[in-house]
1. Within the stretch 94-140, how many residues are under 17 Å from K163 (Cβ atoms) and in contact with a Phe, Trp or Tyr (Cβ under 7 Å, 6 or more places away or on another chain)?
2. Looking at R179, R150 in this structure, which one is touching a residue at least 12 places away in the same chain (Cβ under 8 Å), more than 22 Å from V5 (Cβ to Cβ) and open to solvent by 60 Å² or more (accessible area, probe 1.4 Å)?
3. State which residue is nearest to the chain's Cα centre (by Cα) when the search covers only the stretch 89-107 and only residues that are open to solvent by 90 Å² or more (accessible area, probe 1.4 Å) and among the aromatic types (F, W, Y).
4. State yes or no: is R71 touching a residue at least 60 places away in the same chain (Cβ under 8 Å) and over 15 Å from M193 (Cβ atoms)?
5. Which is surrounded by fewer than 17 Cβ atoms within 10 Å (Cβ to Cβ), under 18 Å from the mean Cα position of the chain (by Cα) and of a type outside the set (G, A, S), of K110, K116, K163, K136?
6. Filter the stretch 166-176 down to residues that are free of Cβ contacts under 8 Å to residues at least 24 places away in the same chain and open to solvent by 70 Å² or more (accessible area, probe 1.4 Å) and give me whichever is nearest to I124 (Cα to Cα).
7. Of everything in the stretch 182-202, what is open to solvent by less than 10 Å² (accessible area, probe 1.4 Å), more than 18 Å from A21 (Cβ to Cβ) and assigned to a helix (DSSP H, G or I)? Give them in sequence order.
Amino acid sequence: MNCTVYSKEGKELRTIELSDAVFGLPVNDDLIYYAITNELANMRQGNASTKDRGEVHGSNAKPYKQKGTGRARRGDKKSPLIVGGGTVFGPKPRDYSWAMPKKAKRQAMKSILSLKAQSDTLKIIEDFSIETGKTKDLAGLLDNFNPGTRTVLVLKDDDPMLKRAAANIPWLRYLSYNRLRAHDLFYGRQVLMLETAAKNLNEFYGPRDKAVERQEAAQ
């Protein structure tokens with residue numbers, strides 16, 4: 001499929017060929033859901049913790065005798081029935097992460113890229129960099145592409161100055177082409193992709209040699 005390449009000023013320059021194997025696939029909603037769920041689960045810290053009655057600090061003595069008071073039987077002040085006592089079946093630190101098959105994760109990313117390309121929310125921009133690393137310089141450039149809209153900027157490499165400039169723009173997320181995040185990419189209202197990043201994605205997510213896949217699976 002062909003896609004228009006825009007200049008930094010928002011003007012049409014030329015067209016670029018995008019691989020149908022990456023940007024022209026049918027959208028698989030199930031894989032997209034699992035990829036986003038997987039990322040959110042892996043981000044959970046899982047450090048919520050409560051104390052049961054054996055961990056609460058306090059005396060083990062009965063507050064009053066068992067019989068003769070007319071009151072309910074009572075064990076100790078650490079009982080879950082008393083305010084300040086232990087918690088029954090409360091949360092404990094745990095690992096919420098789970099692994100998603102590599103092939104399924106790749107297919108999910110290609111489905112999201114295809115969704116963005118087919119819904120016209122993907123724009124290819126000529127390569128640029130922010131030499132000063134200043135936010136105002138990048139913000140001035142983004143004024144030509146629907147500023148204020150939840151935007152994802154896909155970079156061709158780890159450009160430290162461009163990342164520095166993008167860090168203070170609240171509605172902008174930046175991703176490297178080889179480290180995409182399904183959650184950010186899917187929920188971006190517009191995706192701005194550098195021209196070289198688009199070319200790299202054609203190869204990175206395109207048809208792969210079987211020997212390479214077997215080698216990666218063995219690692």
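The values are calculated or read from the model by the stated rules, or taken from the named source; none is laboratory data. Nothing here was measured: the structure is a model prediction, and the numbers come from that model. Cβ coordinates were reconstructed from backbone atoms using ideal geometry, including for glycine residues, and neighbour counts include every protein chain displayed. These area figures cover heavy atoms from the full protein model, side chains too; ligands, DNA and RNA do not enter into them. Shrake-Rupley method; radii C 1.70, N 1.55, O 1.52, S 1.80 Å.
1. 1
2. R150
3. Among them, the one singled out is W98.
4. For R71, the condition - touching a residue at least 60 places away in the same chain (Cβ under 8 Å) and over 15 Å from M193 (Cβ atoms) - is not met.
5. Matching residue, one of K110, K116, K163, K136: K163.
6. Y174
7. Scanning the stretch 182-202 gives a single hit, A182.
Residue-wise test of (1) open to solvent by 100 Å² or more (accessible area, probe 1.4 Å); (2) in contact with a strand residue (DSSP E or B) (Cβ under 8 Å, 6 or more places away or on another chain).
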residue: I16; (1), (2): no, yes
residue: F23; (1), (2): no, yes
residue: P26; (1), (2): yes, no
residue: M43; (1), (2): yes, no
residue: P80; (1), (2): no, no
